[in-house]
Amino acid sequence: MAPSSVRIGVIGVGFGATVHIPAFQSEGLDVVAVCARREERATEAAQRFGISKTFTDYRKMLQMDGLDAVSIVSPVANHYQMTMEALDAGKHIICEKPFTLNQSEAREAWQKAEDAGLTGMIAHEFRFALGRMRVKELIDEGYIGQLHMALLKLVIGPRGGFHARPLSGGDDASSGGGFLGGLGSHYIDCLRHWFGEVESVSGQLDTHFGDRIHPNSGETVQATSDDTFHIALRFVNGGRAMMTGTSAAPFGPGGGIEIFGRDGTLVTPHAGLGFNPPPLGKILGAKPGDDALSELPIPDRLRSFSDDRDDRMMPFRLLTREFVRGIEEGISPAPSFEDGYRCQQILDAVHESSESGRVVRIQDVE
């Protein structure tokens, strides 16, 4: 792809170095800086990708000359503060999911980006997985008609049994840890993209195996973040979705989505392939009168290129193209900060419902 004029810095070198940096460089962005808490990690990433500047303080990176945008690939607890300071510095932003710790923070960041006229997107790259893009087209074309029910599962677990593992930041619910935010948020964004806004939510969060080893004392402590969730959603436009996710189910089948409507059925299987949709995707469908589900073709026009470095690389590169377009046109393409806010409303509602046992109505869905 021809080079763009966007000069971007990356905060975080875990997933940032695995997908963000190589995707940006493949799409012609100039990655001019990288930031990590540990200097040796920033230096290693910079040397590997040929990046000229390294930082251990993101605030200093935001002050550097010649920086147009940042991608925030830090722990969730840091997203809000980093986003707000990057907006104050006049930077366009791609922020990893989940957007913030709660909907109040998410709404504030979304409105600040809107007021500043800066492009803000959330890294829900699986909107751009080929199978999911085609399912969206089929739904919009009326393949299923009125939605009746969508069933989603993300079910997997350690086949070697449950053993206490080192305590990490992702084990703290108050810091945004948990299976719901980490993986469930992608699927919630997918459902909103396909079926529109959510009217009400009920849910239950559980921690089936919370044993962790404290790095300092060596003692066994308990994680507070969830490893299992059950969610029921009702959409403003009608129809419901039921979603179950767990990382505590040894020999679980992985992920998959089944969609049942008045006029047809769609299935996106990826059993045995983990939680993320496979990059090329597979769609099964059937209409009334068909004998069984059969594979539906994905048009060649959606297969603009291939990239086998990582299953997430191709959809993230497509998201990056939208990010560049947004900067050039002065807009925030979907999945935008508004989408991040809407997703966070639902995440908050699941937590509220799990604590109260009540159905929670989503406010401000118009």
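The values are calculated or read from the model by the stated rules, or taken from the named source; none is laboratory data. All values derive from a computational prediction rather than experimental measurement. Every residue, glycine as well, gets a Cβ built from its backbone with ideal geometry; the counts of neighbours run over all protein chains shown.
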Only one of S5, S104 is part of a loop (DSSP other than H, G, I, E, B) and either surrounded by fewer than 16 Cβ atoms within 10 Å (Cβ to Cβ) or assigned by TED's automatic domain parsing to the domain that holds G182 (or both); which? S5
Of all residues in segment 317-366 being basic (K, R) and in a helix (DSSP H, G or I), the one that is nearest to Q204 (Cα to Cα): R342
Restricting attention to segment 47-66, does a residue exist that is in contact (Cβ under 8 Å) with a residue 60 or more places away in the chain, in a helix (DSSP H, G or I), closer than 20 Å to D310 by Cβ and out of contact with any Phe, Trp or Tyr (no Cβ under 9 Å at 6 or more places or on another chain)? no
Which number in (1) at pLDDT 95 or above; (2) in a helix (DSSP H, G or I) marks the one condition that M314 misses? (1)
So which of P288, P277 ends up being part of a loop (DSSP other than H, G, I, E, B) and surrounded by 15 or more Cβ atoms within 10 Å (Cβ to Cβ)? P277
Just to be sure, is G176 on the phi > 0 side of the Ramachandran plot and touching a helix residue (DSSP H, G or I) at 6+ places or on another chain (Cβ under 7 Å)? yes
Residues in segment 142-158 that are among the polar types (S, T, N, Q) and outside any loop (DSSP other than H, G, I, E, B) total 0
Only one of these conditions is not met by P269: (1) closer than 20 Å to M314 by Cα; (2) out of contact with any Ser or Thr (no Cβ under 7 Å at 6 or more places or on another chain); (3) of a type outside the set (F, W, Y); (4) in contact (Cβ under 8 Å) with a residue 60 or more places away in the chain. Which number is it? (4)
What do you reckon, is S306 of a type in the set (S, T, N, Q) and closer than 30 Å to D226 by Cα? no
Could you list, in sequence order, all residues of segment 97-108 that are touching a residue at least 12 places away in the same chain (Cβ under 8 Å), out of contact with any strand residue (DSSP E or B) (no Cβ under 6 Å at 6 or more places or on another chain) and not β-branched (V, I, T)? P98, L101, N102, Q103, E105, A106, R107, E108
